[in-house]
Structure formats: structure tokens, C-alpha cells
Amino acid sequence: DQQVKQNSPSLSVQEGRISILNCDYTNSMFDYFLWYKKYPAEGPTFLISISSIKDKNEDGRFTVFLNKSAKHLSLHIVPSQPGDSAVYFCAASATASGTYKYIFGTGTRLKVLA
Amino acid sequence: EPEVTQTPSHQVTQMGQEVILRCVPISNHLYFYWYRQILGQKVEFLVSFYNNEISEKSEIFDDQFSVERPDGSNFTLKIRSTKLEDSAMYFCASSWGFSGNTIYFGEGSWLTVV
């Protein structure tokens, strides 16, 4: 049961351009979403979050957009830098339903080309 | 910046042996978690822990697994009788609250069962 999907396993972007990473979910109870960056053999590093009461959250080069009707969120990185090359995971939770777990997507490997 | 620390970073164990993975969560956090990632797969939730008891656990977290907060700072995951399929990177995480709170991950403990 794949409740959180990242349908693009990989993405390549030129340095300085925009990177757009997508995430789809099926559970309409999800109300809080997180994006993480992960390097090999390291733990996930938190990037940005969004609550379902918002449709956009911005933090420096990172912006997350949430489209609840489409059950879709996206992470925009502008401008992309070579150091952004990593695997990006979205994670979702139905916090209002009393659960204490985040469901992770399968990840998208971003490669930023210099 | 406060961080979640995990030990050991890598452990090799014989099948059937007991393993204890240790974590020191961020000091003022109240919620603690274990996740794991089998090589090449997604990050999977194992268990959440709050107020000295398990809040939620996944199907993976069977009777072979247990968690404990033996003192005010450590949080441990014990696997009683390891199986080959337990080989994975195990991540400890913590958060101050749950709803609307970010969870912060440690660097992971890589467990290899031979």
C-alpha cells in the first residue's frame, strides 16, 4: 500500500535552474508534510514542511506547494546548486487522526550539473 | 545545533544474535522514533515512543523488536534474534511534539546480519 509516491526516481537539472520534485499521496487524512534531503549513508536532513491549512511555504531557496484537491505537493529549489545533489524524500502524516508516524515516499535522486 | 546521535555507526552480527542500537535524542524532545531503510528502498517507520511507552508501531516491529528509554537521555532499539532480512540502516529520530512538529533524524546505524 503505497500511500506516498514519488514517481520520478531521478532528475537532472543544470546549475542555476529550477529543480521541481513531485510527490503524490492517496490518504486524504494526511495533514502535515515534510521534505528531507538524504546523502548516502547519512540520516535524512529536514528541509521544509507544510501544513494542510496552507498551500505554500517558503524558506530561502526552497518552496513547497500543496494542492490538496489533487493530493499533490512539490518542492521547488531555485537556484539549484551542485551541493543540492542528493535523494529527496517527501513524508506525510495524518496528525489529527492520532497517528504518530510519517509515511515516506520512495525518493527522487536529484543531480545538479555544474 | 542540537542533533540526534546514534551508536554504533556500523555493526556486523551473526544471524540469531541480539543487537542493541543506541540513540541520544535532542535533549528537550519528547517523542522518539525508529525508522529503517533497507538498501535501495524507502525509509520505513518502525515505532514511536512517548511518555515511556510505545505510541504506535508498524507491522515490521514484531516481538523480536523492543525499545527502551533506560535513563533520561538514551533511547535504544533491541533486536532479540537477528535475521538476514534485518540488515538495514536504522535511523533514530526525535521531535518536541508530534502534530505540526518536524522530526529530526540521526546519522543512522548500519546493521549487517551475516
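Only one of the listed residues (B:Glu53, B:Glu59, B:Glu68, B:Glu44) is acidic (Asp, Glu) and under 14 Å from B:Phe91 (Cβ atoms). That residue is B:Glu44. Within segment A:1-16, the only residue that satisfies the criterion of being of a type in the set (A, V, I, L, M, F, W, C) and in contact with a Leu (Cβ under 6 Å, 6 or more places away or on another chain) is A:Leu11.
Within segment A:100-114, being more than 10 Å from chain B (Cβ to nearest Cβ) and either surrounded by fewer than 19 Cβ atoms within 10 Å (Cβ to Cβ) or under 12 Å from the mean Cα position of the chain (by Cα) (or both) holds for A:Thr108, A:Arg109, A:Leu110, A:Lys111, A:Leu113, A:Ala114. With respect to the conditions (1) buried (at least 18 other Cβ atoms within 10 Å of the Cβ); (2) within 11 Å of the chain's Cα centre (by Cα); (3) farther than 27 Å from A:Ser49 by Cα, B:Phe32 falls short on a single one, namely (3).
In segment B:14-114, which strands (runs of 3 or more DSSP E) lie fully inside it and hold 1 or more residues that are touching a helix residue (DSSP H, G or I) at 6+ places or on another chain (Cβ under 7 Å) and touching a residue at least 12 places away in the same chain (Cβ under 8 Å)?
By residue number, B:75-79, B:109-113.
Scanning segment A:56-114 for residues that are over 24 Å from A:Thr26 (Cβ atoms) and either part of a loop (DSSP other than H, G, I, E, B) or hydroxyl-bearing (Ser, Thr, Tyr) (or both) gives A:Gly60, A:Arg61, A:Val78, A:Pro79, A:Ser80, A:Gln81, A:Ser85, A:Ala114. For segment B:67-114, residues that are over 23 Å from A:Phe104 (Cβ atoms) and either within 12 Å of the chain's Cα centre (by Cα) or polar (S, T, N, Q) (or both) total 7. Screening the candidates A:Gln2, A:Gln6 for the property of being surrounded by 14 or more Cβ atoms within 10 Å (Cβ to Cβ), within 11 Å of another protein chain (Cβ to nearest Cβ) and either more than 14 Å from the chain's Cα centre (by Cα) or closer than 25 Å to B:Ser95 by Cα (or both) yields one hit, A:Gln6. Residues of segment A:26-37 that are over 13 Å from A:Leu75 (Cβ atoms) and either among the charged types (D, E, K, R) or buried (at least 24 other Cβ atoms within 10 Å of the Cβ) (or both): A:Phe30, A:Asp31. None of A:Phe65, A:Phe89 is in contact with a Lys or Arg (Cβ under 7 Å, 6 or more places away or on another chain), at pLDDT 95 or above and at the interface with another protein chain (Cβ under 10 Å from one of its Cβ atoms) except A:Phe89. Restricting segment B:52-84 to residues that are among the aromatic types (Phe, Trp, Tyr) and away from chain A (no Cβ under 14 Å) leaves a set whose member that is surrounded by the most Cβ atoms within 10 Å (Cβ to Cβ) is B:Phe75.
Considering only residues of segment A:52-66 that are among the polar types (S, T, N, Q) and within 13 Å of the chain's Cα centre (by Cα), which is surrounded by the most Cβ atoms within 10 Å (Cβ to Cβ)? Checked segment A:52-66; the qualifying residue surrounded by the most Cβ atoms within 10 Å (Cβ to Cβ) is A:Thr63.
Does B:Ser27 satisfy the criteria of being within 12 Å of another protein chain (Cβ to nearest Cβ) and either on the phi < 0 side of the Ramachandran plot or not polar (S, T, N, Q) (or both)? Lay out the reasoning, then the answer.
Working: within 12 Å of another protein chain (Cβ to nearest Cβ): no; either on the phi < 0 side of the Ramachandran plot or not polar (S, T, N, Q) (or both): yes.
For B:Ser27, the condition - within 12 Å of another protein chain (Cβ to nearest Cβ) and either on the phi < 0 side of the Ramachandran plot or not polar (S, T, N, Q) (or both) - is not met.
When we screen A:Ser80, A:Ser49 for residues that are closer than 18 Å to B:Gly100 by Cβ and buried (at least 17 other Cβ atoms within 10 Å of the Cβ), the only hit is A:Ser49.
For segment A:86-99, indicate whether the set of residues that are over 22 Å from B:Phe45 (Cβ atoms) and surrounded by fewer than 21 Cβ atoms within 10 Å (Cβ to Cβ) is non-empty. Among the residues of segment A:86-99, not one is over 22 Å from B:Phe45 (Cβ atoms) and surrounded by fewer than 21 Cβ atoms within 10 Å (Cβ to Cβ), which makes the answer no.
The values are calculated or read from the model by the stated rules, or taken from the named source; none is laboratory data. If you're wondering where the values come from, they're calculated on a predicted model, not measured in any experiment. So basically every Cβ, Gly included, is an ideal-geometry build from the backbone, and we count neighbours across all protein chains shown.
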